[in-house]
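Nothing in this text is a laboratory measurement; each read-out follows from the coordinates by a stated rule. Because the structure is a prediction, the values reported are computed rather than measured. No Cβ is skipped: glycine too gets one built from the backbone with ideal geometry, and neighbour counts run over all protein chains shown.
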Amino acid sequence: MRLTPLTALVCLILAALPVAAQDDKPVLQVTGLNSDAPARLTIADLRALPATTFSTSTVVTDATHRFTGVLLRDLLGHLNIKGKMVTATALNDYVIDIPMSDFESFDVIIAYSMDGRALERADKGPLWIVYPRDAHKKLQDIRYDYRWVWQLSEIKVR
Amino acid sequence: MRRLCGSRIRLILPVIAILIFAVLLGFALIRMFKVEADIKVDAEQNMLWVMHQSESATRRLVETTLRAELGEADAEEIALRLDLLRSRFALLQDGPQRRFITEIGLHQRLSELHATLQEIQPLPKAFTAADVRQLRQTLTPFAAFFVRAANMTMVREWDNLGGRLETSRDQLRQIIVSLIGIMVTGTVLTVTLFLSLRLSRQRNAMLHRERDFSSLLVASSGEGILAVDDARRCTIWNPAMSNMMGQTAEQTIGRELSEIAGFFDVAQVRQAITAALGGKINSLALQPYFRDAHAPPLHVDLRVSPMRNDEQVVGAIIFIHDASDRHMARQKDAEIRGRLEHLVAERTRELDDALTRERSAADLYRNFAGMISHQFRTPLAVADSALQRLIRRGPRADANETAERAAVARNAIAGLTRLVESTLDAVRLQAGQASAKRIACNLMQVLEVLGTQLRATSPDIRIDVHHAEAVDAVALCDPAHAEQVLENLLSNALKFADLDTNVSARVHHDDKHVHCDISNAGPTIDDADRDRLFEPNFRGRNSVGTQGTGIGLFIARSLARMQGGEIRLLSDDARTTFRMTLPRFGDTKG
């Protein structure tokens, strides 16, 4: 596709619109084992928590990227939620079970930005579970690759 | 030859087996690494799932538009589904997904659809049915594209998988063949090892037997055997060594040789051991070994040989044989030979003496007439002079004077008689029997008698007779001959002496001889005359103008030699000295 300066500008405006709209809307629903009401978090809520940044390669992109987000163990700790297994669900209904031990063993984050730019819903945003794949040989395995849930929308802890 | 071939095969076979083993092992390892790398499955090989999700996102969007037409879905839900489809395109346009799409040849079509998707505007909140229908129509080619893409993906992935499985199977097959090879070579090696072990055990046993036999030989040898390592420490010491040196094997093994006995530190022995350690065999004969300071030494023969291990000298072995008996026999031989030689020399000397005496006697006999004329002159003159005086005195002479002068004449005549008898006896008796006449004779007395006789003929002569203190003047000789010799020498001395000087006679002795030196102060004898002085009828240059026959010194020497003696002219510039030497009587007694 040929991008003229005008169409590029239009694209940028269009891309920025939903992000601005999403900031005040809850993007992640977290359900604990024995909590009645699920926690609904906005991007702002997540950005308010301590951020972790690291660079890693992914299996669906070339080169490495810098991801910034919240450590999953910090988030669950913050919400005071405990359990053995986490079921992560994406906007497209992709469902994956992740053992809680992953979050203890590795610095797994819920990333909200890649290379300094906010993740978008039209790409892999707004939230993406990212493993520090390059830091651990063990994580370079397809059994870990499928736990990288993008367009994450819900977490259930059992 | 067969044995050599066998051992070579025994060596070559394991080497080949090990080589094959290593090659096969390396090959199998390489193959296994390859298989291990191939087995790794990347998520990029999960394209079928990507295509399925993409198709699913498309169909969900279409479904949402249908529901929107029925009023069951709002604009926000449509926007969500649209974003999800857009995210799928973002994924397909990125990294490995894009490469795969290119590989199956759909990238052109994908780009076209992506452009179409980008042009779609989000629906306003109050959208119409026509807007939704328009959107659905725009999306019509998307689902068909993903169905086709999924189809192609499946075919490509199965092709790839089939190819990879085939490659892996080939590699596994090669690994299996290699492992079988490894097993075979391992078996060969095991068998070789087993055979080598058995052989080694057999050889060990043989070696043990041989060593035991050697030990037995060393232990039972009558010869002393010891061995040293290259640091000269004792390693073998057999019982014969213990007997010889008085030290047991326990005391000596492990110690340095120089500590064991000083004998091994003697330069020759040490050099022999050094040479052996340098690879040379050598031997020493009859080395004295002092076992005890007070006892006579043993005499031993040594043979020192190097001990080698694979051409390298690791020590020396020393064989020591007690050769004292041989040494003693050799010494006894030497003693006997010495005694014989001494005896022969003695006999030779005696025979030489006898020969000299015989020759002198023979010379004298040949010159008997000359001697008579020479020797008789003086006694005849003495007798004549005594008788003349007696006649001149006539009746005036009293009885005493007559008796005295007659006695002088008779003495002279008696001397002549003795000389004749002795000379005839000596000449008659010849060699070997000449000594029969030799008796003890005091030369001092002879000199005194002569002095008296000479003064009787010429009263003004002066003769000083001296002798060394405690001199033994007794010679073994014929007194008549000794008297003649001294009379000759004294007459000569007086004849050639300067006026108013004394003639001296001095008697002294050494171990075997008595010497009588007669000397005067007078004209010296020319060097040229000295050698010929004792020849018969020779007269020196300085005797010109004096009376003489030139036979006196010849007779004197002949007579002296007949006694086993000698006459010599001593060299002295101031005085002329003739020395008569005769055997000591005391020496023969002893």
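DSSP loop (so not H, G, I, E, B), at most 13 other Cβ within 10 Å: list which trypsin sites (Lys or Arg not before Pro) in region B:324-357 pass both filters. Loop-located and lightly packed - none at all.
Sorting B:302, B:66 from the fewest to the most surrounding beta carbons within 10 angstrom yields B:66, B:302.
With neighbour counts taken as other beta-carbon atoms within 10 Å, the residues B:10, B:392, B:584 rank, fewest first, as B:392, B:10, B:584. Here residue A:137 is the anchor, and the aspartates and glutamates within straight C-alpha reach of less than 16 Å, apart from those fewer than 8 places off in the same chain, are A:102, A:107, A:145, B:36, B:42. Restricting region B:35-103 to trypsin sites (Lys or Arg not before Pro) that sit in a DSSP loop and have at most 12 other Cβ atoms within 10 Å of their own Cβ leaves B:40. The lysines whose alpha-carbon is closer than 18 Å to the alpha-carbon of residue A:156, local same-chain residues fewer than 8 away aside, are A:82, A:84.
A 24 angstrom limit on the alpha carbon distance is what I want to check against. Which of B:332/B:512; B:437/B:495; A:138/B:34; B:437/B:512 exceed it? In this structure, B:332/B:512; B:437/B:495 exceed 24 Å between Cα atoms.
The simple spin-label model puts a point 7 Å past each Cα toward its Cβ; for residue B:365 and residue B:147 those points are separated by 17.6 nm. Convex hull volume per residue, computed on the Cα atoms of region B:37-154, equals 96 Å³.
Only one residue of A:53, A:98, A:31 has its Cα farthest out toward the positive end of the dipole of region A:25-157, where Lys and Arg carry +1 and Asp and Glu -1 on Cβ, and that residue is A:31.
Approximating the spin labels as points 7 Å out from Cα along Cα→Cβ, the residue B:569-to-residue B:94 distance works out to 15.0 nm. Comparing B:121, B:144, B:481 along the charge dipole axis of chain B, the residue lying farthest to the positive side is B:144, per the Cβ-charge model. Which one of B:356, B:386, B:313 is farthest out on the positive end of the charge dipole of region B:303-401, using unit charges on Cβ (Lys, Arg +1; Asp, Glu -1) and the Cα centre as origin? Checked the options; the winner is B:386. Considering helices alone, the calculated mean residue ellipticity of chain B at 222 nm is -21500 deg cm²/dmol, with DSSP H runs of length four and up weighted by -39500 (n - 2.57) and normalised per residue. If you count the DSSP beta bridges with both ends in the protein assembly as shown, what percent of them are antiparallel, to the nearest 5? If I count the DSSP bridges inside the protein assembly as shown, around 90 percent turn out antiparallel.
Taking the Cα centre of region B:223-322 as origin and assigning +1 to Lys and Arg Cβ atoms and -1 to Asp and Glu Cβ atoms, the resulting dipole is close to 160 debye.
Fewest neighbouring Cβ atoms within 10 Å first, the residues A:153, B:242, B:373 line up as B:373, B:242, A:153.
With +1 assigned to the C-beta of every Lys and Arg and -1 to the C-beta of every Asp and Glu, and no other charges, what is the dipole magnitude of the protein assembly as shown about the Cα centre in debye, to the nearest 20? Its charge dipole is roughly 1700 debye. Would you work out the charge dipole size for chain B about its Cα centre, treating the Cβ of every Lys and Arg as +1 and the Cβ of every Asp and Glu as -1, and quote it to the nearest 20 debye? That gives chain B a dipole magnitude of about 1600 debye.
Peptide packing for A:65-73, B:380-388, B:556-564 was compared via the average number of neighbouring C-beta atoms within 10 Å per residue; ordered from the highest value, the list is B:556-564, A:65-73, B:380-388.
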